[in-house]
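Below: the structure, in structure tokens.
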Amino acid sequence: MSTRRAELGEFLKARRAKVTPEAVGLPPGGRRRTPGLRREELAQLAGVGVTWYTWLEQGRPINVSGQVLDAVATTLGLNDLERAHLYSLAEATPVRTKTGVCANESVLSEILAALDPLPALITNKRYDILQSNKASKDLYHDWHTLPCVHLNLLWCIVTEPLARDQLLNYDTEVPYLVARMRSAYVEHIGDPDWETDLARLRKLSPEFERLWATHEVADGEARLRRLVHPVAGELSFTVTELAVPAHPDLVLFVDTPADAHTRERLPLTRRQPAGV
């Protein structure tokens, strides 16, 4: 029995012990040797075989699908963090992946606003732009003139001609973003949202198709992004990626002027005066 499988079994038993029969619509019944649901009760409610579930708790090396784990997680009433932990222990891909902003959305909005005049935005690991502050919307306004399937940082860079023209280090930035996406993809293989987006992007952009096929991977790192703005001229930013602990699928990107020239010219990127 592997350590991971043993941990999975202990996690399931601990969560099963917390679910009372009354909570899932079962009669209280007589005396129980252990608190919570019996294995056969949980298996029946989740629509899985009793033997299969017993083996799962015992840590046996059996096949585990995301769909079946999803039913077990729902029956156990797991929250998003507990559900993700279950999938990780079982080395399975979730059927449903939360792609929106976590529950404290208003707090994240306040943080983004407080970072202004530094451009900042929050994306998931597919680069869907979930929130951005006014400074970021102003700086990258020309990158989003074409209609998108959805607002996505990588999609806009590789399909929007103005983004290609304005991003001076395009040849290093785009391969890096694709490699970062490839690194995140390992946790989402088979996820319908990921597979649909990747298929669309490969069809839209032969360049993305070529880069994706290289299987390059990259870790997050501070890097230089060089732009030419129609009003402010050439600008250089240090792009920093920060994790959002409340939601492991989110990334906070912050652009900090990399030199005095950029800091001085940054106000010229605003489409309206600050505070308007």
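Within region 121-148, the set of residues being outside any loop (DSSP other than H, G, I, E, B) and either aromatic (Phe, Trp, Tyr) or over 24 Å from ASP193 (Cβ atoms) (or both) comprises LYS134, ALA135, LYS137, ASP138, LEU139, HIS141, ASP142, TRP143. So for region 154-167 (the condition being in contact (Cβ under 8 Å) with a residue 40 or more places away in the chain, over 21 Å from SER236 (Cα atoms) and not assigned by TED's automatic domain parsing to the domain that holds GLY66), does at least one residue qualify? Yes; the residues of region 154-167 include at least one that is in contact (Cβ under 8 Å) with a residue 40 or more places away in the chain, over 21 Å from SER236 (Cα atoms) and not assigned by TED's automatic domain parsing to the domain that holds GLY66. Determine whether region 194-211 contains at least one residue that is within 22 Å of ASP255 (Cα to Cα) and out of contact with any Pro (no Cβ under 7 Å at 6 or more places or on another chain). No, region 194-211 contains no residue that is within 22 Å of ASP255 (Cα to Cα) and out of contact with any Pro (no Cβ under 7 Å at 6 or more places or on another chain). Quick check on PHE237: is it within 14 Å of ALA135 (Cβ to Cβ), surrounded by 18 or more Cβ atoms within 10 Å (Cβ to Cβ) and in contact with a helix residue (DSSP H, G or I) (Cβ under 8 Å, 6 or more places away or on another chain)? When the stated conditions are applied, PHE237 passes them. Taken together, LEU168, LEU153 contain a single residue that is surrounded by 14 or more Cβ atoms within 10 Å (Cβ to Cβ) and within 15 Å of the chain's Cα centre (by Cα), which is LEU153.
Just name the residue that is surrounded by the fewest Cβ atoms within 10 Å (Cβ to Cβ) out of those in region 224-234 that are in contact with a Ser or Thr (Cβ under 9 Å, 6 or more places away or on another chain) and under 17 Å from ILE157 (Cα atoms). Break it down into steps so the answer makes sense when it comes.
At the first step, the residues of region 224-234 found to be in contact with a Ser or Thr (Cβ under 9 Å, 6 or more places away or on another chain) are 224-227, 229, 231-232, 234.
Next, from what is left, pick out any that are under 17 Å from ILE157 (Cα atoms): 224-227, 229.
Values: LEU224: 13, ARG225: 19, ARG226: 17, LEU227: 21, HIS229: 19.
Going through the qualifying residues, I end up with LEU224.
Residues are listed down the side, and each one gets a yes or a no for (1) part of a helix (DSSP H, G or I); (2) at pLDDT below 85:
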{"residue": "ALA163", "(1), (2)": "yes, no"}
{"residue": "LEU177", "(1), (2)": "yes, no"}
{"residue": "ALA184", "(1), (2)": "yes, no"}
{"residue": "ASP193", "(1), (2)": "yes, yes"}
{"residue": "ASP197", "(1), (2)": "yes, no"}
{"residue": "ARG200", "(1), (2)": "yes, no"}
{"residue": "VAL217", "(1), (2)": "no, no"}
{"residue": "ARG225", "(1), (2)": "no, no"}
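Only one of these is under 30 Å from LEU250 (Cβ atoms), without any contact (Cβ under 8 Å) to a residue 40 or more places away in the chain and part of a loop (DSSP other than H, G, I, E, B): VAL64, VAL48. Name it.
Numbers: VAL48 fails: under 30 Å from LEU250 (Cβ atoms).
Of VAL64, VAL48, the one residue that is under 30 Å from LEU250 (Cβ atoms), without any contact (Cβ under 8 Å) to a residue 40 or more places away in the chain and part of a loop (DSSP other than H, G, I, E, B) is VAL64.
The values are calculated or read from the model by the stated rules, or taken from the named source; none is laboratory data. If you're wondering where the values come from, they're calculated on a predicted model, not measured in any experiment. Because the Cβ atoms are built from the backbone with ideal geometry, glycine has one as well, and the counts that use them run over all protein chains shown.
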